[in-house]
Each structure stands twice: as C-alpha cells, then as structure tokens.
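Written out below as structure tokens is the structure these notes cover.
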Amino acid sequence: MISLTLPYPPTINHYYGVRGKSRYIKKAGLEFRKTVSKIAAEKKHKILSGRIQILIRASPPDKRTRDLDNICKALLDSLTHAGVWEDDKQIDDLHIFRSLVVRGGEIRVIIAELGEQGVDNER
C-alpha cells in the first residue's frame, strides 16, 4: 500500500492547454507533476504492475463549488508520470470523496494492488 498526501491539483483547464491540434501541459500542470514526482520518490516504493485500487480524499482549499471528477485526470496522469504505476489503465477500483476544507487544499491518496489489504480501511 502506498499513502501520499499531495497538494490540491489544478483543474483540467489549468493542467492542459491546446495549440492548434496539439495538447500540451501548462505551467501549473508541469509544476504539479514535479511536486507529485518529488513526493512519490520520497516514499521509495516499487512501481505497481498489477491491477490497482485507489481511494482519494479531496480536501478543497476553500468552500467554492468544485466538481470532484475535475481533479482526477491531472492527479492520475501525474501519478503515472511519477512512476507510481506503469499506466493508469491498471486502475480497476477508484473511489473519491470530498472532505473538509483545508487551507491551501490537500489530496490524500491511498493506492494498493487489488487484493492487498488497506484501501478499504482508510476511508
């Protein structure tokens, strides 16, 4: 099981940009990726290669209305880039819930290979 506390991700509109027919990662997205990679590297875990289950607790930075699903793409792509797993297509079980507001925002992610104990007990 891998447990990470990450900053609140940029929305998909702030993570990706489009130039003509090409999509690119914007500055906010690159900074988020770099931060996620640094935090993940500190955990010194092996790259997960099996089927994955994930629990995400999203603590927004303020009381503004936000769509929970809007943070998943940036978060999961950054975790893939950080080498937590081989590819996000390995994810079979994904749960996300909103928690209390935390100054600055925070994401708590619990990741385990299917069958590994831990994710269900963390909610």
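Every number here is computed from the coordinates shown, using simple stated rules; none is lab data. Since the structure is predicted, the reported quantities are computational estimates derived from the model, not experimental observations. Quick reminder, even Gly has a Cβ in these numbers, built from the backbone with ideal geometry, and neighbours come from all protein chains shown.
Points to keep in mind about this one:
- For 86, 106, the sequence from fewest to most other C-beta atoms within 10 Å is 86, 106.
- For the range 14-29, 3J(HN,Hα) computed residue by residue from phi via the Karplus equation (6.51, -1.76, 1.60; θ = phi - 60°) reads 9, 8, 10, x, 10, 10, x, 9, 9, 9, 9, 8, 6, 4, 4, x Hz, glycine and proline entered as x.
- Tail fraction, Cα-Cα pairs, the chain, threshold 18 Å, whole percent: 51 percent
- For the range 65-107, applying the loop criterion from DSSP together with a ceiling of 12 other beta carbons within 10 Å to the trypsin sites (Lys or Arg not before Pro) yields 103.
- 21 Å Cα cut-off, lysine pairs counted over the chain (separation 8 or more, or different chains): 14
- Near residue 50: Cβ cut-off under 15 Å, other residues only, Lys/Arg at +1 and Asp/Glu at -1. The net charge is -4.
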